[in-house]
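Below: the structure, in structure tokens.
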Amino acid sequence: MRRGLLAAGLALLLLAGCAPAPAPTGARAEFDAFCQSVNGARSQNLAWTADERAELARSMAEYPVEDGLTEEELAALFGPQENGGTAELNRAALREDVDLFFRALRAAYGGYEYFGGDEVFTPIQEELYAYLDRHETFVSADLRSQLTHLLRPVIRDGHFAIGNKPLIEQESVSMFYVPDLYLQDTSGLDGAYVKPTIGPDGRLAYCFAALARSGKELPDKLGEYDLAWVEAERYAGRDRMGYRRTQVEGIPALVSRTMTSGATTASGRELEAFASAGAEYRGLPLLLVDIRGNGGGNSSYAGQWMEGFARQIPQLKIWGGTKCSPLFLYGLQHSELYAAVQDSIKNEMLDYRGSWEIDQTDGIRGETDTLVFVLTDQGTCSAAEDFVAMLRMTENVVFVGSNTQGSMMFGNVMPMTLPNTGLPVRFGASIHFWEGTGNTEGVGFLPDLWVNPVDAEDAVVRLCRYYGLI
């Protein structure tokens, strides 16, 4: 690693056009040791243990090959929304939508067994029927509010939404930190609230930082320090670019704010350029990847970029699969959402009709001599988190900023509409665990260096200058 990092100073000297300031005596060894510790920690978590495998196998129980949904019901679920939520409906129409929703959920939701299966969801359905029996007239919003109320305590899934509002909205955690307070000695302090960061001079340091829902649950004093916690800021830019190649103070950089090809008129062309550009960054001594605010889309662009950059897509430590129900396969064939999915993938999924298409692999680390800094925030989610997972499985990658959103366990998301109420519902056919058995929805991946995301780019520049990387 030291050889690659020393080369960084020489190559970037040519890019910047001026000589870098010499690093303070011993500083480079400090930074090298930090990078080695990051690589070492990730290398210790590559294989699924027997206990993990047994636990995860219970999350993908078998289910009936036929889900009982008719062709007309499938077409109606993927049809346009007609009821705006205000038209009055009778009890029979509501019961039809409730019945259809729970049959679809059981047949097609990748998290159905993980969140308790029939034992949990059947009583919720019965409670909804009881609610309907207690009232005479209804509107679509009544079903939305009741479903949300009953399902929110049960389902922790960043993609699951009723009426276009994610259930997890009130359950996510954010990074909180104490501004302008940096430590070198953390002796006697609770490690749950002390994290590595980048100091004002660029040196590695520690700060008070933690994940919390509101910040009110965090301690107001630790040791001799009075703590005034502040919630980290998300990247505030409104640009929806798929890809831009640039430089930051002489550091080669790429920026991506979306992986959705239709996000803007140009985003599709930009993402195609991104996918094919990986080899252009190969061999650079230093690279900055900015995916703050990237709301995801199609992770295949990132996979193609990784293949060009590291000569292979890293093999992830992943366990999961896709529930190939008739409902999911109908959506795959007929929904505009899946129009860009290759026919070969669609045909492969059809081969698994009525069963799980399983992914079970131990991790294999990808190698690169490039030192990569990746900027993330809580707006980094879904397919952008797939990119994070690939980069985490690659040597010499350091994440700077805050935790990501945590919306990647449940994929192959199907936006549907309940036909009588016109109520939009959304859930995924896939469930995947990354690196461990815990539910990371609303938590995401944690950074290596905890920095308020809006300051992360400047902080990386300070670090590179302090340690003589530029």
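Since every read-out is calculated from the coordinates, none of them should be taken as a lab result. Predicted model only: the values in this text are computed from it and were never measured. Note that we place each Cβ from the backbone using ideal geometry, even for glycine, and neighbour counts take in every protein chain shown.
Among residues other than E224 with Cβ under 14 Å from its Cβ, the summed charge is -3 (Lys and Arg +1, Asp and Glu -1). Computed packing ranks the peptides 355-363, 405-413 as 405-413, 355-363, most packed first, by mean other Cβ atoms within 10 Å. The stretch between R269 and Q360, if pulled fully straight at 0.36 nm per residue, gains 29.5 nm over its current Cα-Cα span. Here the stretch 102-189 yields Rg over Rh of 1.23, to two decimals, using C-alpha coordinates and the Kirkwood radius. In the stretch 273-383, Cα pairs under 8 Å separated by at least six residues give a relative contact order of 46 percent.
The radius of gyration of the Cα set in the stretch 111-249, together with its Dmax, comes out at 22.5, 67 angstrom. Normalised by the number of residues in the chain, the average gap of Cα pairs under 8 Å and 6 or more apart makes the relative contact order 25 percent. Converting phi to 3J(HN,Hα) with the Karplus coefficients 6.51, -1.76 and 1.60 and the offset θ = phi - 60°, the stretch 171-184 yields 10, 5, 10, 10, 7, 10, 8, 9, x, 6, 10, 10, 10, 10 Hz in sequence order, with x at every glycine or proline.
Remark: the chain carries a charge dipole of roughly 1360 debye about the Cα centre, counting +1 on each Lys and Arg Cβ and -1 on each Asp and Glu Cβ.
Here is how the number arises for the chain: DSSP H runs of 4 or more residues each give -39500 (n - 2.57), the sum is divided by the residue count, and the result at 222 nm is -10000 deg cm²/dmol. How much of the pair distance distribution for the stretch 267-412 lies past 28 Å, counting alpha-carbon pairs only, in percent? More than 28 Å apart: 22 percent of the Cα pairs in the stretch 267-412. The local environment of T186, defined by Cβ-Cβ distances under 14 Å, has a net charge of -2 under the rule Lys, Arg +1 and Asp, Glu -1. Could you point to the residue in P219, S140, F433 farthest towards the positive end of the chain's charge dipole, with +1 and -1 charges on the Cβ of Lys/Arg and Asp/Glu respectively? Looking along the dipole axis, the top candidate is P219.
Charge dipole (Cα centre; +1 on Lys/Arg Cβ, -1 on Asp/Glu Cβ; no other charges) of the stretch 127-257 amounts to roughly 680 debye. Net length available on complete extension from D118 to E30 is 26.3 nm, with 0.36 nm assigned per residue and the Cα-Cα distance removed.
Our coupling estimate for the stretch 102-108, obtained by passing each phi through the Karplus curve with A = 6.51, B = -1.76, C = 1.60 and θ = phi - 60°, is 6, 5, 5, 4, 5, 6, 10 Hz, Gly and Pro reported as x. Applying a threshold of 28 Å to the alpha-carbon distances of K195/K323; K165/K323; K216/K323; K317/K346; K195/K317 flags K195/K323; K216/K323 as lying beyond it. Rounded to the nearest 20 debye, the dipole size of the stretch 211-346 about its Cα centre is 360 debye, using +1 on the Cβ of Lys and Arg and -1 on the Cβ of Asp and Glu. Using θ = phi - 60° in the Karplus curve 6.51 cos²θ - 1.76 cosθ + 1.60, the 3J(HN,Hα) couplings for the stretch 127-134 round to 5, 5, 4, 4, 4, 5, 5, 8 Hz; x is entered for Gly and Pro.
Fraction of C-alpha pairs exceeding 28 angstrom in the chain: 56 percent, rounded to a whole number. Packing order of peptides 150-161, 177-188, highest average first: 150-161, 177-188 (average count of other Cβ atoms within 10 Å over each peptide's residues). Residue ranges 284-296, 456-468 sort as 284-296, 456-468 when ordered by packing (mean number of other C-beta atoms within 10 Å per residue, highest first).
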